[in-house]
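Taking it in order: structure first as structure tokens, then the write-up.
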Amino acid sequence: MSGTKSRNKGLGGEREFCKLYGGERMPLSGAQGGSFTGDVVSVPYIGKGEIKRRADGFKQLYNWLAGNDFLAMRADRKPWLVCMKMDDLKLLLDEMDELKRERL
């Protein structure tokens with residue numbers, strides 16, 4: 001994939017994520033160096049994060065996640081990571097919103 005197509009694919013993923021879950025794209029997030037970290041910021045309840053898209057580069061993760069609600073993984077001497085389907089994340093965030101409204 002050429003540089004422009006790759007960049008546009010990444011930007012599209014960032015826009016899609018922000019549209020679905022809120023937050024804002026971080027300007028210059030792909031710039032080398034500086035204080036610009038994370039592709040999206042201010043995502044409700046989650047904060048800041050990177051957005052990655054691959055044609056089939058995450059095949060093993062999808063296989064491990066199949067039939068499960070989440071995938072937890074950890075390399076030696078590294079913190080745990082959790083992967084889950086976006087629909088499940090959306091349900092979790094919606095439930096958190098509902099609990100917050102009930103407390104008010």
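Computed from the coordinates by the stated procedures, all read-outs in this text should not be read as laboratory data. Fair warning: this is a prediction, and the values are worked out from it, not measured in the lab. Because the Cβ atoms are built from the backbone with ideal geometry, glycine has one as well, and the counts that use them run over all protein chains shown.
Structure values in brief
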| item | result |
| --- | --- |
| At most 16 other Cβ within 10 Å, DSSP loop - chymotrypsin sites (Phe, Trp or Tyr not before Pro), region 1-101 | Phe36, Tyr45, Phe58, Trp80 |
| Max mean-square fluctuation residue, GNM over the chain, Cα-Cα springs under 10 Å, options Met26, Met84, Met73 | Met73 |
| Å³ per residue enclosed by the Cα convex hull of the chain | 157 |
| ³J(HN,Hα) computed for each position of region 45-54 - Karplus, 6.51 cos²θ - 1.76 cosθ + 1.60, integer Hz, glycine/proline x | 6, 10, x, 10, x, 9, 10, 10, 10, 9 |
